[in-house]
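Take a look at the structure set out below.
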Amino acid sequence: MVKHPESIISINGLSKTYASGFQALKSINLEIKKGEIFALLGPNGAGKTTLISVVSGIVKPTVGTVFVAGSDIVKDYRTTRSKIGLVPQELTTDMFQTPKNVVSFSRGLFGKPNSPECVKETLQSLSLWDKRDDQIRTLSGGMKRRVMIAKALAHEPDILFLDEPTAGVDVSLRREMWDLVGELRKSGVTIILTTHYIEEAEAMADRIGVIDQGKIIVVEDKEVLMRKLGKKQLCLNLASKLAEMPSQLREFRLSLNNEGKILTYTFDANTEKSSVADFMRKIGELGIVFNDLQTKESSLEEIFVNLVEGS
């Protein structure tokens, strides 16, 4: 078992097999750094929620160890659980309660002393103070989601898990949530979010882990992942149609689109920079005239799809 000193969560050889025989997690090794935003990406059924549930103490691991701030989640359950706030996908709270009562009650569940000041501070940080005495059922979808986060933060945890935080919400609310997560990170909270929205990970995360069929495929800094696995494309808008691809260009990864009017060259920006010059020289030698030239980089979505399909 290895524990990295800068990690707030250390997962070693973690597997989870249910009574039915289904193996939801397979030999997971993962380190989460203190103070980072870590996005766990994966398709539905990949194991994202199971992994969060194990670390949070809701589901028991079959094999392996998990340490939260140096404490074992099985042997030191109360200690580790007190360090974690969990916001599940579903809105799981009494809709006839008020935000103020929900946060106060949640503090008590974790043995925290009654503190009107902390309750006020938590609600204010989530723009809920003006709604503190309203029944939750009367609030908007975005406000209800904020109440769930306030509830998870009530006991002042060091770690916040957000399980599909923007599932089923509109685009404007999604961006509002991204801003909120950024503010929470500034307060020193380590945030782990699961999502299948690629743009969510791209907008917020410092590092990205991709999980599929219970296995971690890759863990990498977002920029490094995109640099390593991303491709660039050079698109030429041709002055006249090409009926077919010239044999002299077969060494390049090319495609003809828009009925022969767009010639696209896909290349690795890190290893094939010189080949772009070769390609452009060949184009000139063949007398292929183009009116416009554009470049574009792979999106994180394309990288994700390639990773999952190749796993």
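The values are calculated or read from the model by the stated rules, or taken from the named source; none is laboratory data. The structure presented is a predicted model; accordingly, all values stated were derived computationally and were not measured. Don't worry about glycine lacking a Cβ; one is built from the backbone with ideal geometry, like all the others, and counts go over all protein chains shown.
Key figures for this structure:
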item: Flag for Glu200 being in contact with a His (Cβ under 9 Å, 6 or more places away or on another chain) and within 23 Å of Ile9 (Cβ to Cβ); result: no
item: Matching residues in region 67-97 - criterion: being more than 18 Å from Ile9 (Cα to Cα) and either touching a Pro at 6+ places or on another chain (Cβ under 7 Å) or touching a residue at least 40 places away in the same chain (Cβ under 8 Å) (or both); result: Pro88, Gln89, Leu91, Thr92, Thr93, Asp94, Met95, Phe96
item: So Val54, is it at pLDDT 95 or above, more than 19 Å from the chain's Cα centre (by Cα) and surrounded by 19 or more Cβ atoms within 10 Å (Cβ to Cβ); result: no
item: Residue among Lys75, Lys112, Lys120, Lys83 that alone is among the charged types (D, E, K, R) and either crowded, with 17+ Cβ neighbours inside 10 Å or touching a strand residue (DSSP E or B) at 6+ places or on another chain (Cβ under 9 Å) (or both); result: Lys83
item: Selected residue (criterion: modelled with the lowest pLDDT) from residues of region 235-268 that are out of contact with any Leu (no Cβ under 6 Å at 6 or more places or on another chain) and among the hydroxyl-bearing types (Ser, Thr, Tyr); result: Thr266
item: When residues of region 100-139 are limited to those that are free of Cβ contacts under 8 Å to residues at least 40 places away in the same chain and among the hydroxyl-bearing types (Ser, Thr, Tyr), the one nearest to Glu176 (Cα to Cα); result: Ser127
item: Some residue of region 28-49 being of a type in the set (S, T, N, Q), surrounded by 13 or more Cβ atoms within 10 Å (Cβ to Cβ) and closer than 25 Å to Ala203 by Cβ; result: yes
item: Region 127-173: number of residues that are among the aromatic types (Phe, Trp, Tyr) and out of contact with any Ser or Thr (no Cβ under 7 Å at 6 or more places or on another chain); result: 1
item: Sole exception among (1) surrounded by 14 or more Cβ atoms within 10 Å (Cβ to Cβ); (2) closer than 19 Å to Met204 by Cβ for Asp179, by number; result: (1)
item: Exclusive hit being among the β-branched types (Val, Ile, Thr) and closer than 18 Å to Val189 by Cα, set Thr79, Thr65; result: Thr79
item: Residues of region 243-257 satisfying the condition of being surrounded by 13 or more Cβ atoms within 10 Å (Cβ to Cβ) and under 13 Å from Ser275 (Cβ atoms); result: Leu249, Phe252, Arg253, Leu254
